[in-house]
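Let me begin by presenting the structure, written as structure tokens, before commenting on it.
Just so you know, all these numbers are worked out from the coordinates, no wet-lab data involved. Remember, predicted model here, so these are calculated numbers, not experimental data. Here Cβ is always computed from backbone atoms with ideal geometry, including for glycine, and neighbour counts include all displayed protein chains.
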């Protein structure tokens, strides 16, 4: 049963267009670490040295491993509908790269998203994973720096991923959408 105060509360969800207009008008600082998630502008925690190091290691590993079979984007937006434009730590997307000059990758472009979590674990796990699943992102890896583990989320559903768990073998992790490509993630953590 709702209270009178709850009946008065109306939330306004920002659209991606609103979000860009806020940046253009100076409401959001140019260097603000924010993401649009579920229509809310979410302030992201600062990037610590361990987080930055693991993102760089993953970036280098992916670039050398995928070659021209995919594009590796680091901390750049993905467009997941009118109210969601998160910036995953790494997005592995379909080529050619030229198509992303006019737009950000959407769910059909994405092969894999990777979130590296140090202070952002709850946000990544409890909020962003649901957005990714509902948007149809095929697979997300969550690298938990505090728990020293990697969880793979597969089979997106209407509310969450239907499958999740650690890779069977960190020395041989298959990359979704790129048959035969296995990554050695054992030195990552």
(message) Pairs please, first residue from region 62-88 and free of Cβ contacts under 8 Å to residues at least 40 places away in the same chain, second anywhere and surrounded by fewer than 17 Cβ atoms within 10 Å (Cβ to Cβ) and not in a loop (DSSP other than H, G, I, E, B), Cβ atoms under 7 Å, 6+ apart in sequence or on different chains.
(response) 71/97; 72/63
(message) With the condition being within 20 Å of the chain's Cα centre (by Cα) and closer than 30 Å to residue 172 by Cα, I'd like the helices (runs of 4 or more DSSP H) fully within region 1-101 carrying at least 2 qualifying residues.
(response) 49-66
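Is it the case that region 58-80 has a residue that's over 25 Å from residue 179 (Cβ atoms) and in contact with a helix residue (DSSP H, G or I) (Cβ under 6 Å, 6 or more places away or on another chain)?
Of all residues in region 58-80, those over 25 Å from residue 179 (Cβ atoms) come to 75-77, 79-80.
Pick out the ones that are also in contact with a helix residue (DSSP H, G or I) (Cβ under 6 Å, 6 or more places away or on another chain) and you get 80.
Checked against the condition, which is being over 25 Å from residue 179 (Cβ atoms) and in contact with a helix residue (DSSP H, G or I) (Cβ under 6 Å, 6 or more places away or on another chain), region 58-80 yields at least one hit.
Before we move on, is residue 143 under 29 Å from residue 68 (Cβ atoms), touching a helix residue (DSSP H, G or I) at 6+ places or on another chain (Cβ under 9 Å) and either surrounded by fewer than 20 Cβ atoms within 10 Å (Cβ to Cβ) or touching a residue at least 24 places away in the same chain (Cβ under 8 Å) (or both)?
Values: under 29 Å from residue 68 (Cβ atoms): yes; touching a helix residue (DSSP H, G or I) at 6+ places or on another chain (Cβ under 9 Å): yes; either surrounded by fewer than 20 Cβ atoms within 10 Å (Cβ to Cβ) or touching a residue at least 24 places away in the same chain (Cβ under 8 Å) (or both): yes.
Against the criterion (under 29 Å from residue 68 (Cβ atoms), touching a helix residue (DSSP H, G or I) at 6+ places or on another chain (Cβ under 9 Å) and either surrounded by fewer than 20 Cβ atoms within 10 Å (Cβ to Cβ) or touching a residue at least 24 places away in the same chain (Cβ under 8 Å) (or both)), residue 143 qualifies.
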(message) Can you confirm whether residue 171 is at negative phi and over 19 Å from the mean Cα position of the chain (by Cα)?
(response) yes
(message) Kindly evaluate residue 59 against the criterion of being crowded, with 16+ Cβ neighbours inside 10 Å and over 16 Å from residue 140 (Cβ atoms).
(response) yes
(message) I'd like to know if region 120-132 contains one or more residues that are farther than 16 Å from residue 38 by Cβ and in a strand (DSSP E or B).
(response) no
